[in-house]
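Right, one structure below, let's go through it.
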Amino acid sequence: MKRAFMAITVFLALTSIILAAEVTLNVKEHVLGNGMKILMLQKPGMPRVVCHVYYKVGSINERPGITGIAHLHEHMMFKGTKMMGVTDFEADAAIDRKIDELMDKIYREKYWKADGGDKEKIAQWQKDVDELVKDEKKYIIKDQLWELYMKNGGTGLNASTSNEVTGYYVTLPSNKVELQMLLESDRMMNAYFREFYSEKDVVMEERRLSENRPGFLFSEQVIAAFYAASPYRWQVIGWMDDLRRITKKDMEEFHNTYYVPNNAVVIYVGDIDFANIIAMAEKYFGRVPKGPDLEPIRTHEPAQHSEKRLYGEGPAPTSLQMMFHTPPDGHPDTAPLSVLADVLGSGAGGFRGRAGAGSGRLYKILVKEKEMAVTISAFSRPQWYVGAFQFNAVPRLDKGVTPEDLEKEIWAEVEKIKKDGVTPDEIQKARNRSEAMFLRSLQSPMGLASRVGRAELNRGWKALLQDLDDLKKVTNDDIKRVAAKYFVRDNSLTAVYIRKMGR
């Protein structure tokens, strides 16, 4: 067991007029005997507490055959436990076992046989399953977790799954935090995946709705082509065939592997007493057995060694994407790539190098001056194991501009930067925007919890302040170096999409 208290104050110049801004992160840490880390930040004057639980698991922890399971698991965590969501656990479990036996027969017949198996057998087994599902409903208490939270003043009830992190969120009155610890530790230790097969249908319907969104299928292929080996190559929603074939046994193994205290961080922000939070955490989360030590993902992205191009057609707007492989989060080149994204992009800025519409170089040249693009943006995404730098642009079709025309212009600007770099004023503005975005993200308790909790899972929460400090040290030579290193044809994928209706 260990405790640490850190108070770090960072003074930032936010504008060219040198307005002083101060951010103080007073983070108290407590590590339970099972390896679970508790982070706490006091926000006096607000009699509520933001409670976030983050698990170090996402789509990158999947493998072919179970893609989409991290997101499906997030859904299943709301289906109850042995004590939640059910009136008679033993009776419910007996029905569940019969459903599982029948579904195993259906699975083997349908998916293990090349011809799709005996249709009549499958139909009869499915009919039996449907009858059992009807019988089970009388034992199920729908949405009991949500109702308990709401009856006790809970707001902001939500969950999310990304490539790297799964999070569960609720905000409660200060005197109700113990309820969150009881319910979340119970979900970690006693999750019970009732209604598994119907919830798979819900997730598959989400997938179908995504497929009907113009451009989704092309974007999915772009990502799959860009990453040759890394598990970032599939979407969080997963492939449809895998969603069909994921079994309850897969789900149980996934839960028992990743939903363990030594793979989680819990953060509390608000009107809290440190000693009280620690005592309750020891009582509830401390009872959960430690899981196995988890190995980082093995497959990183190999060097590309060849230019990639992808072409597609469909009902979405004509567009251009250019993607380049870059290093993962924490690499020394992360900061200069972030600044470069802001300079080249449209100038809305962003702490991690994201830019929207505004006044970046490419926006000024291609949207304002040459009137060749409707929109153009650039961003640098330093993920945990791999990074990507991306340009997105929509051409002015009314002026006869093609995606390939924009591609030539972007390459021309990139070559200029390799030779001359950028101006001191551009670097300073990028720093100012990034610092301002970072400060704004810490203003709300929810934003603060999200930033600190997620950062802790990877390089530790103090890395947030280190990244901010690294931005201040970026020089023009750094900009020229990273442009020359990463913006090369053999490290790129160019995706051209042409709008054609009726597809």
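Per the listing GLY312, GLY291, the residue uniquely in contact with a Pro (Cβ under 9 Å, 6 or more places away or on another chain) and modelled with pLDDT of 95 or more is GLY291. Among the residues of the stretch 430-442 satisfying the criterion of being in contact (Cβ under 8 Å) with a residue 12 or more places away in the chain and charged (D, E, K, R), which is nearest to THR326 (Cα to Cα)? Ranking the qualifying residues of the stretch 430-442, first place goes to ARG431. Only one entry in VAL482, VAL452 is in contact with a helix residue (DSSP H, G or I) (Cβ under 9 Å, 6 or more places away or on another chain), closer than 20 Å to GLU29 by Cβ, at pLDDT 95 or above and part of a helix (DSSP H, G or I), namely VAL452.
What are the pairs, 6+ residues apart or on separate chains, where a residue within the stretch 396-421 that is in a helix (DSSP H, G or I) has its Cβ under 6 Å from a residue that is surrounded by fewer than 16 Cβ atoms within 10 Å (Cβ to Cβ)? Within 6 Å, the pairs are LYS418/ALA484. A residue that is aliphatic (A, V, I, L, M), crowded, with 19+ Cβ neighbours inside 10 Å and under 14 Å from LEU72 (Cβ atoms) occurs somewhere in the stretch 196-203. For the stretch 486-503: of the residues being surrounded by fewer than 15 Cβ atoms within 10 Å (Cβ to Cβ) and not hydrophobic (A, V, I, L, M, F, W, C), which is modelled with the lowest pLDDT? Across the stretch 486-503, the extreme among qualifying residues is ARG503. For the stretch 79-96, check the following and say yes or no: at least one residue is in a loop (DSSP other than H, G, I, E, B) and among the aromatic types (Phe, Trp, Tyr). No - not one qualifying residue is present in the stretch 79-96.
Among the residues of the stretch 435-443, is there at least one that is more than 23 Å from VAL474 (Cβ to Cβ) and modelled with pLDDT under 95? Yes, that holds for at least one residue. For VAL260, the requirement of being closer than 30 Å to PRO44 by Cα and surrounded by 15 or more Cβ atoms within 10 Å (Cβ to Cβ) is not met. All of ILE267, ILE246 fail the test of being modelled with pLDDT of 95 or more, touching a helix residue (DSSP H, G or I) at 6+ places or on another chain (Cβ under 6 Å) and more than 29 Å from VAL452 (Cβ to Cβ), apart from ILE246. How about the stretch 241-293: which of its residues are basic (Lys, Arg) and either under 20 Å from VAL203 (Cα atoms) or part of a helix (DSSP H, G or I) (or both)? Passing the criteria: ARG244, ARG245, LYS248, LYS249, LYS283, ARG287.
If only residues of the stretch 448-463 that are surrounded by fewer than 23 Cβ atoms within 10 Å (Cβ to Cβ) and farther than 22 Å from LEU294 by Cα are counted, the one that is farthest from the chain's Cα centre (by Cα) is LYS462. Among the conditions (1) under 26 Å from ASP92 (Cβ atoms); (2) in a helix (DSSP H, G or I), the only one that LYS142 does not satisfy is (2). Every condition in (1) in contact with a helix residue (DSSP H, G or I) (Cβ under 6 Å, 6 or more places away or on another chain); (2) among the aliphatic types (A, V, I, L, M); (3) within 26 Å of PHE487 (Cα to Cα) is met by MET240 except one, and the failing one is (3).
Out of ILE8, ILE17, ILE95, report the one residue that is modelled with pLDDT under 95 and over 29 Å from the mean Cα position of the chain (by Cα).
ILE17
Each residue in the stretch 83-93 was checked for being closer than 20 Å to THR247 by Cα and either in contact with a Phe, Trp or Tyr (Cβ under 6 Å, 6 or more places away or on another chain) or loosely packed, with under 13 Cβ neighbours inside 10 Å (or both), and 1 of them qualify.
The values are calculated or read from the model by the stated rules, or taken from the named source; none is laboratory data. Computed from a prediction, not measured in an experiment: that's the story for all the values here. Heads up, the Cβs are rebuilt from the backbone with ideal geometry, glycines too, and the neighbour counts pull from every protein chain shown.
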